[in-house]
1. Looking only at the range 125-184, which residues are part of a loop (DSSP other than H, G, I, E, B), under 22 Å from residue 93 (Cβ atoms) and out of contact with any strand residue (DSSP E or B) (no Cβ under 9 Å at 6 or more places or on another chain)?
2. Where in the range 13-99 are the strands (runs of 3 or more DSSP E), entirely inside, with at least 2 residues that are over 23 Å from residue 236 (Cβ atoms) and touching a Lys or Arg at 6+ places or on another chain (Cβ under 9 Å)?
3. May I ask you to list the residues in the range 297-339 that are over 14 Å from residue 248 (Cβ atoms) and near the ligand (Cβ under 10 Å from one of its atoms)?
4. Out of the residues in the range 290-333 that are in contact with an Asp or Glu (Cβ under 9 Å, 6 or more places away or on another chain) and under 19 Å from residue 45 (Cα atoms), state the one that is surrounded by the fewest Cβ atoms within 10 Å (Cβ to Cβ).
5. Quick check, is residue 197 outside any strand (DSSP E or B) and either of a type in the set (Lys, Arg) or more than 30 Å from residue 293 (Cα to Cα) (or both)?
6. Taking the range 58-77 only, how many residues are open to solvent by less than 70 Å² (accessible area, probe 1.4 Å) and either within 15 Å of residue 98 (Cα to Cα) or touching a Phe, Trp or Tyr at 6+ places or on another chain (Cβ under 6 Å) (or both)?
7. Considering only residues that are more than 13 Å from residue 66 (Cα to Cα) and either in contact with a helix residue (DSSP H, G or I) (Cβ under 8 Å, 6 or more places away or on another chain) or of a type in the set (S, T, N, Q) (or both), which ones fall in the range 8-41?
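The values are calculated or read from the model by the stated rules, or taken from the named source; none is laboratory data. Note that the coordinates shown come from a computational prediction; the quantities given were computed from them, not determined experimentally. Every residue, glycine as well, gets a Cβ built from its backbone with ideal geometry; the counts of neighbours run over all protein chains shown. Keep in mind that these areas ignore ligands, DNA and RNA; they rest on the heavy atoms of the full protein, side chains included. Shrake-Rupley method; radii C 1.70, N 1.55, O 1.52, S 1.80 Å.
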Amino acid sequence: MEKLLELDNLHVSFQTYGGEVKAVRGVSFTLEKGESLAIVGESGSGKSVTSKSVMRLLPNKIGFIKEGAIRFQGKDLAKASEREMEKIRGAEISMIFQDPMTSLNPTMTIGKQIMEGLRKHQNMSKSEAKERSINLLKLVGIPNPELRVDEYPHQFSGGMRQRVVIAIALACNPKVLIADEPTTALDVTIQAQILDLMRDLQDKTGTAIILITHDLGVVANLAQRVAVMYGGMIVETGTVDEIFYKPKHPYTWGLLASMPKLNAESKELLAIPGTPPDLMNPPKGCPFAARCPYAMEVCVENMPDATDVSSTHKAACWLLDERAPKVEPPEEAVVGGAR
Ligand code: SF4
């Protein structure tokens, strides 16, 4: 498979009045042509900051890439100039944001918003760009695209607006599509339609997807590989089956256990007790140690290295050390009864 994007030991910080917030601490992963990688974790785990760093959309003068590389087709985006990034954003790598209400311009017609990227990156004439916009609206399932292309965002429902956002993101046939919580603002039935649409579009266009989410149900629907983030680091990575059926990291166990289960007899929804670490003063050992029911002395003092569980599955946990006590995942974290 062709490697499209490679993050290598990425560190991203924010300079605040209180000090430096180390939001991303040594993240590495690769994305291959046509694949879907989900990055999951709680709010504040660093998943959105990681994706915004790829687009170089960190808040000006506050957020900065401290160390590491973001190689896109061999070019290091961490060192690219703003002019170079303008050519890449929207054309080669594009992004769908969480809330379709705020990511569309209410004063411009849908057509004009789709045409903007086409005119800029693909030098299309007005009529060519309009025709392509109509085709894109058709592709994302908007009925009567010839009429709706001249309408404004307020004339569309939430789900339809997210379809338009996807059409804008796909307009220039990007190689990578970053979807940051693309269905969070939508109700469950519309969520399912948007996920179906994204899967279908990926089959048709071959675009690689990075899906940022806290929702493991969305992951199961769309992704092939998963990276679990906690405290600014990737703590476990593997195929969807490995993460759902053979998870090794206690944080992943916590996430799986907190998923609502339709057939469960238990009455209450489980949560991971405690709060994420303060990334202004990150712990020197495992970032999950303060909340982990299996934490040992070594966890507090030393960060575990990522251990290979299989050729596609890695986890950073001291429980995988041969000297550690044998611990099985809790029953609530086991999907489908496999251990
Ligand atoms: Fe828990 Fe220790 Fe593993 Fe961290 S390294 S997840 S604290 S057992």
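1. Result: 140, 173.
2. Counting at least 2 such residues, we get 63-72, 93-96.
3. Passing the criteria: 297, 298, 299, 300, 302, 303, 325.
4. Of everything passing the filter in the range 290-333, 306 is surrounded by the fewest Cβ atoms within 10 Å (Cβ to Cβ).
5. When the stated conditions are applied, residue 197 passes them.
6. Looking only at that region, the number is 1.
7. 16, 28, 30, 34, 36, 38, 39, 40, 41, listed by residue number.
Conditions (1) within 30 Å of residue 166 (Cα to Cα); (2) more than 15 Å from the ligand (Cβ to nearest atom); (3) touching a strand residue (DSSP E or B) at 6+ places or on another chain (Cβ under 6 Å), marked per residue:
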position: 193; (1), (2), (3): yes, yes, no
position: 215; (1), (2), (3): yes, yes, no
position: 226; (1), (2), (3): yes, yes, yes
position: 242; (1), (2), (3): yes, yes, no
position: 245; (1), (2), (3): no, yes, no
position: 273; (1), (2), (3): no, no, no
position: 277; (1), (2), (3): no, no, no
position: 295; (1), (2), (3): no, no, no
